[in-house]
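The values are calculated or read from the model by the stated rules, or taken from the named source; none is laboratory data. None of these values were measured; they are calculated from a predicted model. With ideal geometry, Cβ positions are generated from the backbone for all residues, glycine too; neighbour counts draw on all protein chains shown. Keep in mind that these areas ignore ligands, DNA and RNA; they rest on the heavy atoms of the full protein, side chains included. Shrake-Rupley method; radii C 1.70, N 1.55, O 1.52, S 1.80 Å.
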Number of protein chains: 2
Amino acid sequence: MTSSTAYQQLEARFTRLHRYAHLGAMAGWDQLTLMPPGGNEARAEAMAELSVLVHDTLTAPETRRLLDETDAVALEDEQRANLREMTREVQDATVMPPALVEAQSLAGARCESIWRRCRPDNDWQGFLPAFREVVRLSREEAGIRAEALGCGRYEALLQKFEPGLTVAELDRIFNDMRQWLPELLSEVQAHQRERRIALPEGPFATEDQRRLGERVMRWLGFDFDHGRLDVSLHPFCGGVPEDVRLTTRYREDECLTALMGIIHETGHARYEQNLPPTWRHQPAGRARSMAVHESQSLSFEMQLGRSAPFIRTLQPWLVETFGDQPAFQAENLIRLAQQVEPGLIRVDADEVSYPAHILLRYDIERALIEGEIEVEDIPARWDEGMARLLGLDTRGNYRDGCLQDIHWTDGSFGYFPTYSLGAMLAAQLMAAARQAEPQLDARIAEGDPSLLLEWLRTHIWQQGSLLETSELIRQATGEALNPEYYRRHLRERYVDGK
Amino acid sequence: MTSSTAYQQLEARFTRLHRYAHLGAMAGWDQLTLMPPGGNEARAEAMAELSVLVHDTLTAPETRRLLDETDAVALEDEQRANLREMTREVQDATVMPPALVEAQSLAGARCESIWRRCRPDNDWQGFLPAFREVVRLSREEAGIRAEALGCGRYEALLQKFEPGLTVAELDRIFNDMRQWLPELLSEVQAHQRERRIALPEGPFATEDQRRLGERVMRWLGFDFDHGRLDVSLHPFCGGVPEDVRLTTRYREDECLTALMGIIHETGHARYEQNLPPTWRHQPAGRARSMAVHESQSLSFEMQLGRSAPFIRTLQPWLVETFGDQPAFQAENLIRLAQQVEPGLIRVDADEVSYPAHILLRYDIERALIEGEIEVEDIPARWDEGMARLLGLDTRGNYRDGCLQDIHWTDGSFGYFPTYSLGAMLAAQLMAAARQAEPQLDARIAEGDPSLLLEWLRTHIWQQGSLLETSELIRQATGEALNPEYYRRHLRERYVDGK
């Protein structure tokens, strides 16, 4: 067998895995949007069975043999990148015992389902038993991965979302942020204290909000021939690149929150819809990492969606949809979109206090995985952190406290930091796009986001996973991830009022 | 290895297959209800990949070995029934070359997607190329199965839906019906010619129809904790027993068609929701056959749903939902529900002309599979048949003619006859239930269908596939399938006016 044949066989094997993943993605989307509660057990079993199948395919001796027989030197550059991603995925899977993979999938699905019941009831105690099992299994996973990678337990989980990122690097970035964030937040609050904001008066019918959301999605280039907008408790972007399913949740007393959520998920969606088509069945054709993914949703929501030029574009659409009212004056809407007001809910948080939510979760999940605290300690740590970081009282309020996120319910520890890394990267990408396209802001102000979108398409979306994250950032922006762009963006928008 | 161990390993293997089937069922449901058109190619690929996986699992030498090593004598009765179903399924799969299975899945999905575009456009020519490929592959399948089973080509396909049914038996039953159906139809039409029916005046808002549909579903015992009601172009009942997804389609100028469709699909749904739970992962726990399935939907729609006692129960609900109007008088509604009027569309057909639609399709699909006609000949055959059987002109009207059904698009040849077999069985079951429960009709007239539903649960639903079809019918009704009950039912309802 020649080595190119071995590589072709690997590609066929990963094409098969891509198709299995399609079924899992759709079953997972349905589980969070439409599935009746009684369907959960069978769904969880089916998805766990799929996890086992994927795991078995990745770790089959035949896969290992094909990897060993592939001569990387004989491949073209992009094939070599694909081989690198295949190898990483096989190694990731190989360290994990199949029984643990299945146990995690089952425990995660159960815990998620229980969370959906317990959260509305503020029932932390009811949530605990299922969650304790998820944490136990994640610690087991962390221990196994840490030993294989020769790193710490939390860092080992971080690799699943941000390959190559160390805790040391993360601490360097986050400790930098810990230095300037509290002062910046006070400064912004002081700066905004004088401002009066008129709140738009509802009700804003769900159906109208949905139509407006779809209009904005179209303006942002979302392809409805390859995707849908639906409703779920916790907004997310799921599905597959050929059929991207994004969700939001509507509140009829409010007209901007769901819309900004839609803009956010549309950033994820356009990344998925515009991955390199020639690599669509292969690991090299996937989105690069969670931080890069989040940089796209935040480029859409924060860099573009809450900017004054976009709000001026949106303003007449709001009036068309809901009728005019004083609160819909453009300057008032801009103040509303850029209002900084520390609150309990991460997904509703403004851009300046958001990082505090991440620091809180990072500190807790890292301590939890490292075994420094137990699940019972979370509420106290949460209360202390929210008081210290944002001056808010969360005691006894689990629903809007440590029960608010879906992430921990299926054991996605190591995911939260990528949100703030994504925010930093979004600011850095915006700066690079502005430099490359001097007309970018002017064109957005004229209601045309295409210069920005095309720049992102070329530099991020169409790159898939052909480059490593660090190289992708360097090729797009000319330097490594640099949190200074983020600090500068926050200062310019919220203090200098540019 | 003892033989009970071999059997247990078989059960584990079929549990795995059950979970794979779950993923396929949900992906298939989504494809027909929500999926945007651009998602179809990737979905078709993923579902074809799953077909290959299922096929490979069924035909693996290990499966064969386990079947050979299982000592049926050492098993309990129900296990032996399960072994019989396993063996049938393995044999079914073993005769089919994997490449043909994959080609059929792909061609079927493509053709179905093209059908969804072509039908509204009345575009038979646009549909032909994809359909020709489906027929070519079905003929190939029929040839392979016929050789393995030692029977004719069409009969070989019939086995997929009605194991054990021969073409000779089917012809005996259908030729019997060909004798009395035309005369009965004329008699009914003559009998109804005098009647005046007031048509309910719309519009009937889709949302109101949906609420009424859900109310009737609840009355019929549908468990919304394990299922949903949605919308699709062609109503169907899909999903999995733990999460049954039924669909309908609404027309705002009409208030009974969608409702009767819902009642029909609810019959399928209750069968699925009430299969024997101890066998839920195994072949013995599945619904028995297509004719038995259809007998349940028709017990609900025809035996119960269009009966005078049920219509009297429904009447106040219609008034509550849509407001009162003269056409909502009970006697008028009964006439409406029992109106016989030959029309072009099978799924909208009344109970008396429906069998004519089946005879037409049976004649065409049998000739098509046996190679007596080609796809190009279908419209002429259709026109001739509709003129002869129902006196209707379909020339040039493909949308409401040979393009109206989804069944042929994915190669489900041999399926149509089961509709009329189901109608006959429904009449026979109703007669047996009446005999067993003398209060049955009186209780339905009081608004309580529980005697009928419990009888069906015990005699059909909870039997799963533990018995062969013929034995199931015999145990439930005391005799073999006997079309006389059907003829008598039609005559009593439509001529004698009982």
Could you state how much accessible area B:GLU384 has, in square angstrom rounded to the nearest 10, with a 1.4 Å probe and all protein chains kept in place?
90
Using the basic label-point model (7 angstrom from Cα toward the beta carbon), what is the A:GLU471 to B:THR94 distance in nanometres?
5.1
Taking 56 Å as R0, compute the FRET efficiency from the Cβ-Cβ separation of B:ALA60 and B:ASP324 and round it to 0.05.
0.30
In square nanometres, what is one fourth of the surface area of the convex hull spanned by the alpha carbons of chain A?
22.5
Expressed as a percent, the accessible surface of chain A that is carbon or sulfur, using a 1.4 Å probe and the full set of protein chains, is 48
With all pairs of different alpha carbon atoms counted, what Kirkwood hydrodynamic radius in Å does region A:355-498 show?
17.8
Please report the accessible area of B:TRP219 (heavy atoms, 1.4 Å probe, ligands and nucleic acids excluded) in Å², nearest 10.
50
Between chain B and chain A, with a rotation axis joining them, whose C-beta in B is nearest that axis, and what is the whole-Å distance?
B:LEU23, 2
Using R₀ = 25 Å, calculate the FRET efficiency as 1/(1 + (r/R₀)^6) where r is the Cβ-Cβ separation of B:GLU437 and B:ARG488; round to 0.05.
0.85
Tell me, what HN-Hα J-couplings in whole Hz come from the Karplus equation 6.51 cos²θ - 1.76 cosθ + 1.60 at θ = phi - 60° for each residue of region A:53-60, using x for Gly and Pro?
4, 5, 4, 4, 5, 5, 9, 4
Given labels modelled 7 Å from the Cα in the Cβ direction, how far is it in nm from B:THR15 to A:ASP71?
4.7
Hey, can you list the residues from region B:231-261 whose accessible area shrinks by 20 Å² or more with all protein chains present, relative to the chain by itself (probe 1.4 Å, no ligands or nucleic acids)?
B:GLU242, B:ASP243, B:ARG245
May I ask you to derive the FRET efficiency for B:ASP393 and B:THR87 from their Cβ-Cβ distance with R0 = 51 Å, giving the value to the nearest 0.05?
0.55
Quickly rank A:366-373, A:416-423 as a protection proxy: mean count of other C-beta atoms within 10 Å, highest first.
A:416-423, A:366-373
Working with all protein chains in place, sort B:LEU149, B:LEU58 by solvent-accessible area computed with a 1.4 Å probe, largest first.
B:LEU149, B:LEU58
Mind grabbing the accessible area of A:ILE263 for me, 1.4 Å probe, Å², rounded to tens?
0
Given a 1.4 Å probe and no ligands, DNA or RNA in the count, how much accessible surface is buried by A and B, both sides, to the nearest 100 Å²?
2900
With each run of n ≥ 4 DSSP H residues scored as -39500 (n - 2.57), what mean residue ellipticity at 222 nm is computed for chain B after dividing by its residue count and rounding to the nearest 500 deg cm²/dmol?
-20500 deg cm²/dmol
For region A:80-162, what does the accessible surface come to per residue with a 1.4 Å probe? Please give it in Å².
41
Could you tell me the center-to-center distance, by alpha carbons, between region B:180-213 and region A:289-312 in angstrom?
56
Would you list B:VAL134, A:VAL95 from the most to the least accessible area, probe 1.4 Å?
A:VAL95, B:VAL134
Along the Cα→Cβ direction, 7 angstrom out, place labels at A:ARG193 and A:ASP223. What is the inter-label distance in nm?
5.1
Please give the contour-minus-distance gain from B:GLN179 to B:ARG251: 0.36 nm per residue of separation, less the Cα-Cα distance, rounded to one decimal in nm.
22.3 nm
Other-chain or far-sequence residues with amide H under 5 Å of A:GLY239's (modelled H)
A:TRP29, A:ARG245
Take the protein assembly as shown, drop everything but the C-alpha atoms, weight them equally and run the Debye formula without solvent; then report log10 I(q)/I(0) at 0.06 Å⁻¹ to two decimals.
-0.51
Remind me, relative contact order of chain A in percent, using alpha carbon pairs under 8 angstrom and six or more residues apart?
18
Going highest first, how would you order A:8-19, B:37-48 by mean Cβ packing within 10 Å?
B:37-48, A:8-19
Descending packing, highest mean Cβ count within 10 Å first, for A:400-407, A:229-236 is A:400-407, A:229-236
Peptide A:40-46 - average C-beta neighbours from other chains (10 Å radius):
6
